[in-house]
Amino acid sequence: MSATIIDGKAYAESLADRIAAAVPAFKARTGRAPGLAVVLVGSDPASEIYVRNKGRKTVELGMTSFEHILPATIRQEELLNIVAALNANDLVDGILVQLPLPGHLDELAIVAAIDPAKDVDGLHPQSAGRLAAGIAGPVSCTPLGCLMLLKNELGDLSGLDAIVVGRSILVGKPMAQLLLNANCTVTIAHSRTRNLSEKVRLADIVVAASGQAEMIKGDWIKPGAAVIDVGTTRVIRDGKRKLLGDVDFDSAVTIAGAITPVPGGVGPMTIMTLMHNTLVIAHHRSALPVPPLW
Ligand code: GUN
């Protein structure tokens, strides 16, 4: 038996269509486009590509992109001043400071300086607190994309056993909260978890976000389970560049009921959920009802 392949690219394209369709109505009501500001410090090549893609997609969907590309040597105070200026700019709805930041900068303090009403990727402590309390608010883009794919595939998630492998603030922790809010019974596994394979084998939903390429093997998966792979490890194999997930796809695809490929699964969703969050935040800031997007 072979699993259904969850097509994140197709879902992201359908979400893009719904976002693009909602933007003109927002402009007509407010006289302006939703605005997203992305701040990149330094010149990490992968981050540069992400930031460029984010800016391009923002404009493609009819929204306004504000980009701040800053030197790796920027001082904390200067960066805080830029965040404060973006907080004060009414044309900016969402602010994203690309992580990781260079080591001399205090990442937590910078994220905490973002106006929570503009916290487009849900990393502000207030957003994390809202999610934990089950109060509506911005949700980190990658886990939100995973949840959209799971609901699209499985419908109601109530009562299902889920395991999230990884406990980062960007993915693992918010993912676990989202699944809990969707009435799953959630296990959070991490590098110190004992007997991981046995715990994974009990789960109807596996979200792999450990950052360890191909760590989760097919024989760890419960037959028929839904597997969401957040991993993106770049390797050279047989002289070719390859992107690997955290799941050993070839063995898992024969056991799982549904699985996201890498690439083409979670990856395309992440930018689109950022666009989704920008549009949602813009509506909240303008006291407009949010149109149904998913
Ligand atoms: N770096 C990698 N992914 C993300 C993300 O979703 N948000 C931010 N701010 N930085 C990232």
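Here are some notes:
- Selection within segment 116-131 - open to solvent by 50 Å² or more (accessible area, probe 1.4 Å) and away from the ligand (no atom under 15 Å from the Cβ): Ala117, Gln126, Arg130
- Hey, Leu86 in contact (Cβ under 8 Å) with a residue 24 or more places away in the chain, open to solvent by less than 50 Å² (accessible area, probe 1.4 Å), in contact with a Phe, Trp or Tyr (Cβ under 9 Å, 6 or more places away or on another chain) and in a helix (DSSP H, G or I) or not: yes
- Qualifying positions in segment 257-275 - out of contact with any Leu (no Cβ under 6 Å at 6 or more places or on another chain) and either open to solvent by less than 10 Å² (accessible area, probe 1.4 Å) or within 16 Å of the ligand (Cβ to nearest atom) (or both): Ala258, Ile259, Thr260, Gly265, Val266, Gly267, Pro268, Met269, Thr270, Ile271, Leu274
- Note on segment 223-256: among residues that are within 25 Å of the chain's Cα centre (by Cα) and basic (Lys, Arg), the one that is most open to solvent (accessible area, probe 1.4 Å) is Arg241.
- If the condition is being within 16 Å of the ligand (Cβ to nearest atom) and surrounded by fewer than 24 Cβ atoms within 10 Å (Cβ to Cβ), then segment 132-141 contributes only Gly137.
- Contacts under 6 angstrom Cβ, first residue in segment 142-163 being over 27 Å from Ser191 (Cα atoms), partner open to solvent by 60 Å² or more (accessible area, probe 1.4 Å), 6 or more apart: Ser158/Asn183
- Picking from residues in segment 38-53 that are of a type in the set (Ser, Thr, Tyr) and under 16 Å from the mean Cα position of the chain (by Cα), the one that is surrounded by the most Cβ atoms within 10 Å (Cβ to Cβ) is Tyr50.
- Failed criterion for Leu243 (all others in (1) within 16 Å of the ligand (Cβ to nearest atom); (2) part of a loop (DSSP other than H, G, I, E, B) hold): (2)
- Test: residue in segment 122-138 that is under 16 Å from the mean Cα position of the chain (by Cα) and β-branched (Val, Ile, Thr): no
- Considered as a group, the residues in segment 97-114 that are open to solvent by 50 Å² or more (accessible area, probe 1.4 Å) and assigned to a loop (DSSP other than H, G, I, E, B) include one that is nearest to the ligand (Cβ to nearest atom), and that residue is Pro100.
- Selection count where residues are open to solvent by 30 Å² or more (accessible area, probe 1.4 Å) and in a helix (DSSP H, G or I), scope segment 54-77: 6
- Positions within segment 191-210 being in contact with a Lys or Arg (Cβ under 8 Å, 6 or more places away or on another chain) and open to solvent by 60 Å² or more (accessible area, probe 1.4 Å), in sequence order: Arg201, Leu202
- Among the residues making up segment 247-294, those that are part of a loop (DSSP other than H, G, I, E, B), under 30 Å from Asp219 (Cα atoms) and of a type in the set (S, T, N, Q) are Thr254, Thr260.
The values are calculated or read from the model by the stated rules, or taken from the named source; none is laboratory data. Keep in mind that what you see is a predicted model, and the values were worked out from it rather than measured. For neighbour counting, all protein chains shown are included, and Cβ atoms are generated from backbone atoms with ideal geometry for every residue, glycine included. Surface accessibility is based on the protein's heavy atoms, side chains included, excluding ligands, DNA and RNA. Shrake-Rupley method; radii C 1.70, N 1.55, O 1.52, S 1.80 Å.
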